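What follows is one structure encoded as structure tokens, with my remarks underneath.
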Amino acid sequence: MTTNLVLQGPQATHETLERLARLANPQTIVALGAHAMRAEGVTADAALRQEIGTAAFEAGVDATLIAAGRSLADFRLVAMDMDSTLITIECIDEIADMQGLKPQVAAITEAAMRGELDFSESLNRRVALLEGLEASALQRVYDERLRISPGGEAMLKAVRAAGLKTLLVSGGFTFFTERLKPRLGLDYAHANVLEVIDGRLSGRVLGGIVDAEEKRRTVQRVCAELGIEPSQAIVMGDGANDLRMMGIAGLSVAFRAKPVVREQAGVALNFSGLDGLLNVLS
């Protein structure tokens, strides 16, 4: 099987990219723009993969080894985590900031993202700390703090143009997914429901929690609806809670992810925007 090495980084120079490409002894090198390059016809054993990966990371470059010829046309669905993947923030941390509790909640979030805490337990603990907060704080977070991750809108435009469907599946909250879905033209969304009583958060989540297993089931469910296999899905995430749905995908993408996620993903975008996916599948 012929393998290509895709190198990209928002600050990477042509010289840096070419130096890294030469490490792979490619048959051909193709420029993919000012900050991206593809080395074609690469044979990489474990030692060379490690060498290239380390050198690229130190240079602020994302390096992806992928079978030659793979393109967006091989896929029918892109499934994305929301917090710190499609958007730049962890919504629950920003909601907690309205209560003056961001450090306490953020510490639990980080531990869960690293896989050190059970996600459902961590979510219940964090949501409990929000009890009594006026529900209007959610709109403030959406209006004042929520931003789409770099390259997110360009990536979505390209995948839609290629005929792929889009799924936002989040351990966060429907308040945000329900607003992002029409804003970004997403096809499906699934997240947790925060209980609100008399205009204030109760400190509880309604119904089942969207944990790692529910995320996996959601990707499977949407694939079944579309009449496709999970191997025809691209799944993007950043935390341990995303690993199960990433594990069934035809292509898994770790975006600005925790080390445990980067190590298991087929593609790691540590420096590039979400649109770095387009260079990988160009």
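The values are calculated or read from the model by the stated rules, or taken from the named source; none is laboratory data. Values in this document were obtained by computation on a predicted structure and should not be read as measured data. FYI the Cβ positions are ideal-geometry reconstructions off the backbone, even for glycines, and counts take in every protein chain you see.
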Residues satisfying the stated conditions in region 1-10, i.e. modelled with pLDDT under 95 and either out of contact with any strand residue (DSSP E or B) (no Cβ under 8 Å at 6 or more places or on another chain) or of a type in the set (A, V, I, L, M, F, W, C) (or both):
1
Just one of 109, 88 is polar (S, T, N, Q) and in contact with a helix residue (DSSP H, G or I) (Cβ under 6 Å, 6 or more places away or on another chain); which is it?
109
Please indicate, with yes or no, whether at least one residue in region 174-186 is in a strand (DSSP E or B) and either free of Cβ contacts under 8 Å to residues at least 60 places away in the same chain or over 15 Å from the mean Cα position of the chain (by Cα) (or both).
no
Please verify whether region 28-41 includes one or more residues that are surrounded by fewer than 23 Cβ atoms within 10 Å (Cβ to Cβ), in contact with a Pro (Cβ under 9 Å, 6 or more places away or on another chain), part of a strand (DSSP E or B) and not basic (Lys, Arg).
yes
Got a sec? Which of 63, 59 is more than 12 Å from residue 279 (Cβ to Cβ), in contact with a Leu (Cβ under 9 Å, 6 or more places away or on another chain) and not aromatic (Phe, Trp, Tyr)?
59
Being of a type in the set (Val, Ile, Thr) and assigned to a helix (DSSP H, G or I): is that true of residue 52 here?
yes
State whether one or more residues within region 122-131 are at pLDDT 95 or above, polar (S, T, N, Q) and assigned by TED's automatic domain parsing to the domain that holds residue 256.
no
In the set 12, 111, which member is assigned to a helix (DSSP H, G or I), of a type in the set (A, V, I, L, M, F, W, C) and either over 26 Å from residue 233 (Cα atoms) or not assigned by TED's automatic domain parsing to the domain that holds residue 175 (or both)?
111
Are any of the residues in region 93-105 assigned by TED's automatic domain parsing to the domain that holds residue 259, over 19 Å from the mean Cα position of the chain (by Cα), in contact (Cβ under 8 Å) with a residue 40 or more places away in the chain and over 22 Å from residue 256 (Cβ atoms)?
yes
Among 45, 97, 118, 62, the single one that is surrounded by fewer than 20 Cβ atoms within 10 Å (Cβ to Cβ) and modelled with pLDDT of 90 or more is 97
Could you figure out which of (1) in a strand (DSSP E or B); (2) crowded, with 20+ Cβ neighbours inside 10 Å; (3) in contact with a helix residue (DSSP H, G or I) (Cβ under 6 Å, 6 or more places away or on another chain) isn't true of residue 223?
(1)
